[in-house]
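Report on one structure; see the data block that follows.
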Amino acid sequence: MSGPSQTERAVLEEEFNWLLKEEVHAVLKQLQDILKEASRRFFIPTPGLESQLKQENFILGSFCNVHLLSSQDINLKTAKSNQVMHFTFRDDKHWKLQQIQDARNHVNQALQLLSGRDESYHFKTGAEVNKLMDAVMLQLTRARNRLTTPAAMTLPELATSGLMKMFTPPMPGDVMVNFYINLSKLCLTVYQLHAMQPNTTKNFRPSGSSVLHNPGAMFELNNAKFEVSQVHKVECVVPWLNNTLVFFTISLQLCQQLKDKISVFSSFWNYRPF
């Protein structure tokens, strides 16, 4: 078995130069269009300005009305009383879902990488294209992971988080809440707590980090010990998050397909007969 002939090499070289000059830029343009659309989904409307995105509200169960990027409205009915408690986000503070912010930042970093190589730029080697694709894929993978892998938190971290300081009136001391994204779902978890007696004989075992803590989980805060007595979790699908995850998948596939094409040519250049 022999390697490519001189004529075959010439044809391959011509095809490879066309790939570097034309097809790479066509793929980069396609990637930019897809990621600009993904980035637009994360756009936070500015008050007073017309927004391309509608103010979407999501109903979580029967007690929570959520605007994903700006305001939350919660009605809680605890086991202790039949009275419904109403909480809203404070007007003087801003809180945004960190997963949404991080994913958007990674998408924008991928766009910056792509915009640095416009049509006037001439790629000289396949390795140069691969390096760019690897960098873009890294940002897209990180963006996707932020939406598919909610951060694990300890109960003390949750109790002292910025989210818990956002409500008016303030949440009672025996209630904690957490919002997070899981794939295309917006999730809300409500923890009902009870204070453990200081001289309790019950074994105190502080729980570690988790996305969702179970009843019986214990923690200590400001020298007081608490146990989770009830956990309520509600969720709803956010359609644009689902679309965004699809955009990430398509973009990653385009990057990989371009890398595969370059690898086919590289295998010819590196061919050495046995």
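List of remarks:
- Residue match in region 243-254 (condition: open to solvent by 80 Å² or more (accessible area, probe 1.4 Å), within 28 Å of GLN99 (Cβ to Cβ), assigned to a loop (DSSP other than H, G, I, E, B) and at pLDDT 90 or above): no
- When residues of region 126-163 are limited to those that are in contact with a strand residue (DSSP E or B) (Cβ under 6 Å, 6 or more places away or on another chain) and free of Cβ contacts under 8 Å to residues at least 60 places away in the same chain, the one farthest from PHE179 (Cα to Cα): ALA152
- When region 203-231 is limited to residues that are open to solvent by 60 Å² or more (accessible area, probe 1.4 Å) and either touching a residue at least 60 places away in the same chain (Cβ under 8 Å) or out of contact with any strand residue (DSSP E or B) (no Cβ under 8 Å at 6 or more places or on another chain) (or both), the one that is farthest from LEU163 (Cα to Cα) turns out to be ASN203.
- Evaluation of LYS233 against (1) among the basic types (Lys, Arg); (2) at pLDDT 90 or above; (3) under 24 Å from the mean Cα position of the chain (by Cα) (one fails), failing number: (2)
- When residues of region 19-51 are limited to those that are more than 28 Å from THR125 (Cβ to Cβ) and of a type in the set (A, V, I, L, M), the one modelled with the highest pLDDT: ALA38
- Qualifying positions in region 104-158 - surrounded by fewer than 14 Cβ atoms within 10 Å (Cβ to Cβ) and within 17 Å of ILE262 (Cβ to Cβ): TYR121, HIS122, LYS124, THR125, ALA127, LYS131, ASP134
- Residues that are at pLDDT 90 or above and over 21 Å from GLU235 (Cβ atoms) within region 158-181 comprise ALA159, THR160, listed in sequence order.
The values are calculated or read from the model by the stated rules, or taken from the named source; none is laboratory data. Model, not experiment: these values are computed from the prediction. A quick note on method: Cβ atoms are made from the backbone with ideal geometry, for glycine too, and the neighbour counts reach across all protein chains shown. Calculation scope for accessible area: heavy atoms of the full protein, side chains included, ligands and nucleic acids excluded. Shrake-Rupley method; radii C 1.70, N 1.55, O 1.52, S 1.80 Å.
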